[in-house]
Structures are given as C-alpha cells and as structure tokens.
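Below is one structure, written out as structure tokens; the observations come after it.
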Amino acid sequence: MSATIYTDIRAALEQRLSTMPGLPAVAWENVKYVPVVGTPYLEPALMWAEGAQAEIGATGRNWERGIYQITAVFPLDRPLASTSLLMLRPKPSPGLLQGLIPSTGSLW
C-alpha cells in the first residue's frame, strides 16, 4: 500500500473528528498543543496494526488495519462537563473512506 493511502485515511478520520459539533479542543498528532489548565481536550491517535496480504500477485491488494483512538482528557477536580463526550462513536458513515477503497470488489 502506498504511503498516500495512509495519509488519505488519516485525513479522512481527522476531518470527520474536526466537524463533530460540541467537542473540546483537539491536540492533533505532530502539532504543538499547550493545554489550558482546567480545560478538557481530546488526543486522537491513529495506530496502524500489521497488514496482511489479501490478494496474490504483483498488483494484489493488502488489508490494512488500525485503531483510531481518541483520548478525552479532563481535569481531575471537575466532573465531566458533558457526558456526550463519552459517546464519541459516530454513526456509521459509508462515505468516510469513499475513494480510498477500490469500487470494484471488496476486501471485507
């Protein structure tokens, strides 16, 4: 899999997170962030797992797996300001990775 696909997947996930309403500040990976004392924020991280060969041949495709983890950081001395932050799992979005996965056939 080309490095571009990794970048495209990361961009799609980050774009989805950045457009979710009502979220606190986000400390993006590889971007300097100085948290404000007493203010909640999110720390997303894309962690790639080991890929696997899905098709045989020089042009065969691979399965790429990973976890997009979002850590919610809250001050210890305050209760959660919004329990909606505990339910960050967005509704399924079939268009999230549209264009990144070949339209002919399916690997899963």
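We did not get these values from a lab; they are worked out from the coordinates using the rules stated. All values reported here derive from a predicted model rather than from experimental measurement. No Cβ is skipped: glycine too gets one built from the backbone with ideal geometry, and neighbour counts run over all protein chains shown.
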Here the residues within the stretch 1-35 that are surrounded by 11 or more Cβ atoms within 10 Å (Cβ to Cβ), over 16 Å from Y68 (Cβ atoms) and hydrophobic (A, V, I, L, M, F, W, C) are M1, A25
Per the filter on the stretch 1-51, residues aromatic (F, W, Y) and assigned to a helix (DSSP H, G or I) are Y6
